[in-house]
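Derivation of every value follows stated rules applied to the coordinates shown; laboratory data play no part. Bear in mind that the values here come from a model prediction, so they are computed numbers and not experimental data. Cβ coordinates were reconstructed from backbone atoms using ideal geometry, including for glycine residues, and neighbour counts include every protein chain displayed.
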Amino acid sequence: MAKKIDLILYEALIEKGLLSKKDLDAILNEIEAAGVSLQDFLVRRKICPERQVLKVLSEKLKVPIIELKNTKIEHAVLDKVAVKIASYYVFLPVEIKDRVLSIAVSRPLDIKTQDEIRTQLGCDIEVYFALSSDILDGLKKYYGLAPDTLDSIMSNIAKSPESSGDLGQEKVEDIEKLAEDASVIKLVNQIILEAYRKRATDIHLEPYRNNVSLRYRIDGLLYDANVKTEIRNFLNSIISRVKIMSNLNIVERRLPQDGRAVVRVQEQVLDLRISTIPTPYGESVVIRILPTQMLFSLEKLGLAKKDIKVFEGLIQKPHGIIFVTGPTGSGKTTTLYACLSRINTKERKIITIEDPIEYEMSGITQIQVAPEIGLDFARGLRSMLRHDPDVMMVGEVRDLETAEIAIRVALTGHLVFSTLHTNDAASGITRLIDIGVEPYLVASSIEAFIAQRLIRLLCPECKYEDQNAPLELKELIANDLGLKSKEDIRIYRSKGCPNCNFSGFFGRTAIYEIILVDDTIKDLILKKASSGQIKKAALSKGMRTLRQDGWQKTILGLTTPEEVMKVTPVEEQAQEQKSLSYGDFTSYNTQGDQHDKRAYPRLNDKINLRYKLIKSEGELLKRGITPEQLSVTKNISAGGLLFIADEPLALGAILEINVEIPGEQPIQCLAKIVRAEESQGGKRFDVAVCFLDLTGAERKRLNKYVEGEL
């Protein structure tokens with residue numbers, strides 16, 4: 001016999017014409033046999049969207065619908081309801097007024113359940129409908145990750161006569177036993193599941209004195225996971241569970257360990273790479289999350305159409321080396337996998353040697369480096385030749401031996417892909433020569449150097465055009481791209497929304513810089529030319545720099561100018577600034593020199609200054625720097641200023657500054673560090689910055705002050 005609420009929903013769906021009586025009769029028979037509600041059946045089978053079902057029930061039962069994502073819940077309301085009650089009955093407290101508690105539920109509550117909640121809380125309740133996903137997200141947001149699981153573990157420990165209170169002091173046998181406890185297993189699973197749902201690439205579990213930090217890396221940045229402080233009591237049991245999953249030694253806590261595990265999350269199989277290191281307060285664990293199956297495509301890497309044609313030409317070459325350069329985490333391996341995936345056919349034998357193997361690829365033989373048994377890149381590369389490969393990939397060229405073997409393999413008719421850790425494409429050439437490779441070998445074997453960086457993409461749900469973008473910023477982009485007019489340049493920002501976890505960004509793409517080793521570049525290599533000369537020659541032949549590629553994605557509305565400036569190499573930024581309007585700080589000298597040619601006059605004056613050091617998207621660097629620093633200028637112009645800092649600041653870093661002009665409104669803008677020198681015997685530092693987004697009116701006002709007209 002169908003429940004009363006099922007019959008109400010049954011009739012309402014027929015009245016609304018959403019489903020036919022025949023279809024619903026068949027569904028009623030099915031749910032009666034399965035023992036589930038009509039609402040759950042319709043939503044799980046995707047017959048009706050949950051929002052539509054709630055709307056129907058709302059009209060029929062006269063229960064209002066609430067949008068939890070737009071509702072702020074006070075702490076006093078949350079304190080009234082224990083997490084175990086909210087989790088057990090799956091509701092979220094919203095508001096309390098005159099001993100009446102408003103709660104959000106995703107399905108109608110029967111009279112018995114409502115009475116139980118009233119008894120537990122000691123007050124009357126008012127019910128609202130809300131999406132189940134919003135309720136679960138709200139429970140995590142306000143109560144933390146897996147609060148019911150943590151409470152369950154604490155309850156079990158409290159009941160145990162052998163419990164000593166602090167798990168950090170328990171015996172290894174107790175920790176191992178607790179690691180197999182259902183609640184601990186559930187807690188670890190929930191941590192991994194939440195990371196997957198948030199699109200995290202890494203999970204960081206870090207112990208400190210009296211505290212444990214749980215963070216997720218999403219789109220390249222770390223975000224704190226909202227978790228109860230009691231998790232610090234279960235650090236050892238959580239780590240032991242992770243070690244058991246990855247077949248690591250749970251007793252060994254003094255040495256670093258590395259392992260892997262394969263888990264299934266929903267419909268996706270994930271490959272987990274686990275690494276532990278000892279710290280004074282326990283082991284720190286990082287779990288890298290890799291899908292076992294990934295679709296690699298050149299078109300999805302972020303390449304422009306012109307660059308895709310270049311890539312297509314390179315990967316079809318019969319022999320030679322293609323180097324991809326960039327720092328760790330810049331997506332080099334993903335680019336190489338996409339290249340291999342494009343040419344992976346049954347007619348080709350492809351072998352890779354990697355450290356570690358990040359993704360499994362069907363049809364490709366992959367070798368894992370194992371230095372502890374003598375299997376390094378050089379030895380693996382020699383062995384690969386005996387397997388008659390057509391194409392080879394070497395995870396990284398770290399030394400002369402590996403470089404020379406790879407080059408000689410390429411000269412004997414093989415196509416080789418590899419990576420280097422350099423800031424730009426031209427530096428890859430000089431790096432090989434610096435480690436001892438003969439210039440003639442570099443010139444004769446290498447086909448191209450490709451530099452790349454990753455930038456975050458603006459969230460498509462909350463992206464908007466910035467109508468107040470500074471003209472100077474548009475002029476900078478226009479100058480770098482060689483555009484005649486800045487009028488057509490549009491700059492986009494994002495507000496932050498639930499879709500992007502209020503970060504304003506969703507996903508990442510790459511920017512590229514490609515140097516093809518043609519006859520001109522070969523001549524420069526043989527002459528041992530500097531990376532600057534090589535880059536200049538490549539630019540004259542139409543090469544697009546990393547920054548220029550980034551600006552193209554900026555004006556297409558894919559990212560922000562700050563993202564591009566953040567990842568562009570410092571050397572490139574400094575060189576480009578010499579030709580722009582704030583070039584009066586590129587050769588900044590506190591005592592003046594023959595290069596003192598400035599676009600704006602400078603005033604030696606002490607003016608109060610406040611600054612913040614920005615890491616990315618407005619986050620402050622977390623390394624002991626206070627949110628805002630006070631300082632004083634040594635001199636100032638409309639192009640930039642020189643001030644005194646109490647600590648070293650990195651060249652190329654972005655500052656948010658506030659200059660307190662006497663008798664005038666303060667000037668606020670972003671500035672970039674172009675010079676930093678020690679002073680007073682290393683106790684203080686002279687820091688020169690150029691203004692990035694100073695408006696024309698503010699620059700004019702500042703210039704008048706410098707010239708004494710204010």
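Here are the numbers for the structure shown:
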item	result
Gain on full stretching of the segment that runs from E465 to R99 - 0.36 nm per residue minus C-alpha separation	127.1 nm
Packing rank of 98-107, 382-391, where each peptide gets the mean count of other beta carbons within 10 Å, highest leading	98-107, 382-391
Additional length obtainable on full extension of the chain from L400 to A82, 0.36 nm per residue less Cα span	108.2 nm
Extension gain, Y281 back to E360 (0.36 nm per residue minus Cα-Cα distance, nm)	24.9 nm
Cα long-axis angle, helix 546-555 against the chain (0 to 90 degrees, to the nearest 10)	50
Mean-position separation - Cα centroids, the stretch 190-228 and the stretch 518-560, in angstrom	38
Förster-model FRET efficiency, 25 Å R0, S297 and D258, C-beta, rounded to 0.05	0.25
Candidate lysines for bridging to K80, where Cα separation is under 20 Å - those fewer than 8 sequence places away on the same chain excluded	K72, K97, K140, K141, K228
Per-residue HN-Hα couplings for the stretch 78-94 [Karplus 6.51, -1.76, 1.60; θ = phi - 60°; Hz; x = Gly/Pro]	5, 5, 6, 10, 5, 4, 5, 6, 4, 6, 5, 8, 6, 9, 10, x, 10
Across the chain: Cys residues that no other cysteine approaches within a C-beta distance under 4.7 Å	C48, C123, C339, C669, C690
Nearest 10 degrees, 0 to 90: helix 332-343 Cα axis against the chain principal axis	90
Tilt relative to the chain, helix 696-706 - C-alpha long axis, 0 to 90 degrees, to 10	60
Packing-based ranking, highest mean first, of 216-229, 449-462 given that Cβ atoms within 10 Å are counted	449-462, 216-229
R382-E67 pseudo-label distance in nm [points 7 Å out on the Cα-to-Cβ vector]	6.7
Note, ³J(HN,Hα) from phi for the stretch 370-386, Karplus 6.51, -1.76, 1.60, rounded to Hz, x at Gly and Pro	9, x, 5, 10, x, 8, 9, 4, 5, 5, x, 5, 5, 5, 4, 4, 6
Per-pair calculated FRET efficiency, R0 = 56 Å: Q668 and D523 via Cβ, rounded to 0.05	0.65
